[in-house]
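The values are calculated or read from the model by the stated rules, or taken from the named source; none is laboratory data. Keep in mind it's a predicted model, so treat the numbers as computed, not measured. Ideal geometry is used to build each Cβ from the backbone, glycine not excepted, and the neighbour counts take in all protein chains shown. Remember, those area values only see protein heavy atoms, side chains included, never the ligands or the DNA or RNA. Shrake-Rupley method; radii C 1.70, N 1.55, O 1.52, S 1.80 Å.
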Amino acid sequence: MNRLISIFLPLSTAVIFLVVWHFLVRLSGSDLFPTPMEVVRGIRELIEKGLLLKYIVASLFRVSWGFMLAVLVGVPLGLILGWFRAAFQALNPMIQILRPISPIAWIPVAILWFGIDDTAPVFLIFLASVFPITVSSMAAVQNMQLVYLRAAQNFGVKGPQLFRRVILPAALPQIITGIRIALGIAWLVVVAAEMIAVNSGLGYLIIDARNAGKRYDLVVAGMVMIGLIGLVLDLLIRQLEKFDEVKWGYGQR
Amino acid sequence: MDNAKSLIHVRDCWKSFPGKKPGEQVHVLERVNLNVDAGEFVCVVGPSGCGKSTLLNIIGGFFKESRGEVRVAGAPVNGPDPRRIFVFQENGVFPWLTVEENIGFGLMSRPAEERKERVTHYINMVGLSGFEKSYPRELSGGMRQRVEIARALAANAEVLYMDEPFGALDFLTRIKMRTDLIRIWQAEKKTLVFVTHDIEEAVQLADRVVVMSKRPATVAEEVVVNLPRPRDLDSPGYLAARDRIFAIMGMDVHGGGTGDPK
């Protein structure tokens, strides 16, 4: 019964949304903004031209690289900043200054440095996701329960061993939460980056469809695909929270 | 009791912490003297917030005394030591490790076979067989405390410092844990320093009960509990020891009133 409701509720929300959308477009008499059916036809057109898969792969490729680099840099950096007070004092102000600068503001700089190939969007995605990962890893270490540290020290664990056996596992649940948020931001940013620097990807699709003949059915088709893929990415990254080693960090849900 | 040959030797120990106002010092311990012999089971009781936990943290090496001398096994204490393991009130079992991984935590340098053997031995001793692969979040509070005690024993600690280890447990579990702790202590011949605010618990467990005064705390008196185990909680000897400690702490169990502390 509960299972049925959990399927029925979101499904009926979607149906209501689509119906309202359809009639609003009809009522407004707009010939530019598409109805849901026109968007579906637009998606089919993209599939038939072989563009949809190509663009999705291009966008995912850029996100994967930028995001992976951000994890590789952000997690160790965050652990170090959280543990070593001197590192925190030296670097934290700089990080807090760089962090609020929107990745969009970096676009001109990225083009200047890397040209208009794939490096610029990868760099922008890296920038967008490295800060949430660093800051959450840092906070995870700083908020670690003292009792775990004391217990480990009592057993004579120190140095790199302390990091590997206690600090990292104690911080991992919160690190994963940071990684999850960062992936959402990375996906947000890839689209913005592709609107400017490159000639493939879902962001490019949206800008190109508008510029070349005001194809708003394709614009909205691109938006729908971005949303759906974002949902899938979040579902995938959530699987990390289900490992026995980190489940303790998420309360009873 | 005062002799330098004791395993744990605390002399004229003072401890103060910086207060809220700049330059202000809060005195927690004042001229504490305490000796514990090897193999002894000593309970430290006192009013809550009196500093008994601070004293245990100093002996355990997590805090440094402000003044005085704290020696364990002849050497000054300069930080925690794997031969002497602390059992924490808030439970220091690692939630990311299974029961057997937790108990084997202090044995990483040993060969795998010996490690496995010791882990199995102590899982059985604390009555957790069948839970080897369980994670702490799947266990009750009492079971988690057993894991922590087993972890200390498996690492072959000579001394266990226990800081209100049963404080968060329900009444029946607490009674059971006391019985089991006595059994384990008798089998393992460890030295136990056990801090509690529960006077009855102290008298049920200890060879000797150290009663501390209000803050700034010092040792008000020591009560030797020379009774056979398992202890009869209705025996005159038990009641006499218990009432004596109540009296030292300024409470009259029979009248229920509060008098002057000592």
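Of note:
- Evaluation of A:K214 against (1) of a type in the set (K, R); (2) away from chain B (no Cβ under 14 Å); (3) not in a loop (DSSP other than H, G, I, E, B) (one fails), failing number: (3)
- Among the candidates A:I116, A:I167, A:I107, the residue that is out of contact with any strand residue (DSSP E or B) (no Cβ under 6 Å at 6 or more places or on another chain) and assigned to a loop (DSSP other than H, G, I, E, B) is uniquely A:I116.
Conditions (1) modelled with pLDDT of 90 or more; (2) within 22 Å of B:G142 (Cα to Cα), marked per residue:
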{"site": "B:G167", "(1), (2)": "no, yes"}
{"site": "B:Q186", "(1), (2)": "yes, yes"}
{"site": "B:D234", "(1), (2)": "yes, no"}
{"site": "B:M251", "(1), (2)": "no, no"}
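- Residues in segment A:170-211 that are in a helix (DSSP H, G or I), polar (S, T, N, Q) and in contact with a helix residue (DSSP H, G or I) (Cβ under 7 Å, 6 or more places away or on another chain): A:Q174, A:T177.
- Residue-level check: of (1) in contact (Cβ under 8 Å) with a residue 60 or more places away in the chain; (2) among the β-branched types (V, I, T); (3) within 14 Å of another protein chain (Cβ to nearest Cβ), A:V166 misses just (1).
- Checked across segment A:51-71, the condition of being assigned to a helix (DSSP H, G or I), closer than 27 Å to A:L202 by Cα, of a type in the set (D, E, K, R) and open to solvent by 60 Å² or more (accessible area, probe 1.4 Å) holds for at least one residue.
- Of all residues in segment B:53-70, those satisfying the criterion of being more than 8 Å from chain A (Cβ to nearest Cβ) and either hydrophobic (A, V, I, L, M, F, W, C) or within 13 Å of B:I149 (Cα to Cα) (or both) are B:L55, B:L56, B:I58, B:I59, B:F63, B:V70.
- Set A:L240, A:L218, A:L235: member being touching an Asp or Glu at 6+ places or on another chain (Cβ under 8 Å) and either more than 25 Å from B:F94 (Cβ to Cβ) or surrounded by 15 or more Cβ atoms within 10 Å (Cβ to Cβ) (or both): A:L218
- Boolean, B:T54 is touching a strand residue (DSSP E or B) at 6+ places or on another chain (Cβ under 8 Å) and among the hydroxyl-bearing types (S, T, Y): yes
- Neighbours by Cβ (under 7 Å, 6+ apart or cross-chain): first from segment B:73-101, farther than 11 Å from A:R150 by Cα; second among the hydroxyl-bearing types (S, T, Y): B:R84/B:Y161; B:F94/A:Y148; B:P95/B:Y135; B:T98/B:S134; B:T98/B:Y135; B:V99/B:S134
- Qualifying residue in segment A:204-215 (condition: surrounded by fewer than 17 Cβ atoms within 10 Å (Cβ to Cβ) and at positive phi): yes
- Considering (1) away from every other protein chain (no Cβ under 14 Å); (2) under 30 Å from A:I80 (Cα atoms); (3) under 15 Å from the mean Cα position of the chain (by Cα), the lone condition that A:G227 does not fulfil carries the number (2).
- In a residue-by-residue description of segment A:137-146, the property of being within 14 Å of chain B (Cβ to nearest Cβ), part of a helix (DSSP H, G or I) and surrounded by fewer than 21 Cβ atoms within 10 Å (Cβ to Cβ) applies to at least one position.
- Selection status of B:P82, in contact with a helix residue (DSSP H, G or I) (Cβ under 7 Å, 6 or more places away or on another chain), surrounded by fewer than 20 Cβ atoms within 10 Å (Cβ to Cβ) and within 11 Å of chain A (Cβ to nearest Cβ): yes
- Which numbered condition A:G156 misses (of (1) within 14 Å of chain B (Cβ to nearest Cβ); (2) on the phi < 0 side of the Ramachandran plot; (3) not aromatic (F, W, Y)): (2)
- Segment B:145-174 residues that are over 12 Å from B:F88 (Cα atoms) and open to solvent by 10 Å² or more (accessible area, probe 1.4 Å), paired with ones that are assigned to a helix (DSSP H, G or I) and modelled with pLDDT under 95 (beta carbon under 6 Å, 6 or more apart): B:A155/B:G106; B:L169/B:G141; B:L169/B:G142; B:T173/B:G142
- Of all the numbered requirements in (1) closer than 23 Å to B:I184 by Cα; (2) open to solvent by 50 Å² or more (accessible area, probe 1.4 Å); (3) within 14 Å of chain A (Cβ to nearest Cβ), B:A73 misses one, and that requirement is (3).
- Pairs, first touching a residue at least 60 places away in the same chain (Cβ under 8 Å) in segment A:83-108, second of a type in the set (A, V, I, L, M) and open to solvent by 70 Å² or more (accessible area, probe 1.4 Å), C-beta under 8 Å, six or more apart: A:I107/A:I196
- Considering residues of segment A:149-167 that are of a type in the set (V, I, T) and under 14 Å from B:G106 (Cβ atoms) only, the residue surrounded by the most Cβ atoms within 10 Å (Cβ to Cβ): A:V166
- Within segment B:90-108, the set of residues being open to solvent by 50 Å² or more (accessible area, probe 1.4 Å) and facing chain A (nearest Cβ under 9 Å) comprises B:E90, B:M108.
- Any hit, segment B:15-26, residues being within 23 Å of B:Q186 (Cα to Cα), crowded, with 16+ Cβ neighbours inside 10 Å and in contact (Cβ under 8 Å) with a residue 12 or more places away in the chain: no
- For segment A:20-27, the condition of being out of contact with any strand residue (DSSP E or B) (no Cβ under 7 Å at 6 or more places or on another chain) and under 24 Å from A:L183 (Cβ atoms) holds for none of the residues.
- Segment B:124-140, residues that are more than 13 Å from chain A (Cβ to nearest Cβ) and within 21 Å of A:Y148 (Cα to Cα): B:E132, B:S140
- Residue list for segment A:14-50, restricted to those being open to solvent by 90 Å² or more (accessible area, probe 1.4 Å) and outside any loop (DSSP other than H, G, I, E, B): A:I16, A:F17, A:F23, A:L24, A:R26, A:L27, A:M37, A:R41, A:R44, A:I47, A:E48
- Qualifying residue in segment A:179-197 (condition: of a type in the set (F, W, Y), open to solvent by less than 20 Å² (accessible area, probe 1.4 Å) and away from chain B (no Cβ under 12 Å)): yes
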